Amino acid sequence: MNSRAAWLLALLCVARCGPALAHSAPNSFVKLSFLAQSVRAEVLVPESELAYATAAERASEPFAAYLLRHLAAETPQGAAWKVDVRSFSHTTYLEHAYLSAQVEFTPPTGASSGAFVLIDDAVTHEVRNHVVIVLMNGAANPEFLGALQYPTRRLTVQRPSPHRSTTEAAQRAGGDDSVAGVAPLPIASRSSMSSTK
């Protein structure tokens, strides 16, 4: 095969594979529900990205234990919240395979459940272009609260007022880490931040 034929073949392959090559990797999602004494979250982690993130791990571990090493919450003053992984399952979301974990964050005694710092690097610690999108579950549509991408792993979250617009939330998404059916027993729990990076 001469060089011109090889060039045409390569061009044809790129043209036919372009849509597949341009397909973006799926993001993670943390969907928050604010309760009087705690915050519940559905944490959606794409299985394909999780595989990349855990490839460097020495030993495999249950997803709940892995998640507890990479997911935490604390008060704005730095006091650790209790984190319980209540359950998890495999699901499809936005046409991708995900692990969905039901997580409950409980503030320390005397702290409000309406404001906290979310700490999450479950995939971003290894997959640097991965994004964690944080949403508040709502009656109609989820409200965007912020996003995390390496090297940022901390997001200040405040319960939005019922009158705040989605545009305001999007405008507050900043680079300084500041933006504003559960099982009865957790399958994994942590009440200290010592195991997070």
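Coordinate-derived values only; no laboratory data. This is a predicted model, so every value here is computed, not measured. When we count neighbours, we look across all protein chains shown, and the Cβ atoms used for this are built from the backbone with ideal geometry, even at glycine.
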Please give the contour-minus-distance gain from residue 33 to residue 61: 0.36 nm per residue of separation, less the Cα-Cα distance, rounded to one decimal in nm.
7.3 nm
Can you list the residues, at least 5 places off or on another chain, whose amide H is less than 5 Å from the amide H of residue 115, using H built in the peptide plane?
159
Mean-position separation - Cα centroids, segment 105-144 and segment 54-92, in angstrom:
12 Å
Rg and Dmax of segment 73-146, using alpha carbons, in Å: what are they?
14.2, 42
Ordered by fewest other Cβ atoms within 10 Å, a rough proxy for footprinting exposure, 156, 92, 109, 54 read 109, 92, 54, 156
Could you list 47, 57 in order of exposure, starting from the residue whose Cβ has the fewest other Cβ atoms within 10 Å?
57, 47
How much length is gained if the chain between residue 161 and residue 92 is pulled fully straight, taking 0.36 nm per residue apart and subtracting their Cα-Cα distance, in nm to one decimal?
21.7 nm
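Select from segment 62-134 those GluC sites (Glu not before Pro) which occupy a DSSP coil region and have at most 15 other Cβ atoms within 10 Å, ordered by residue number.
95
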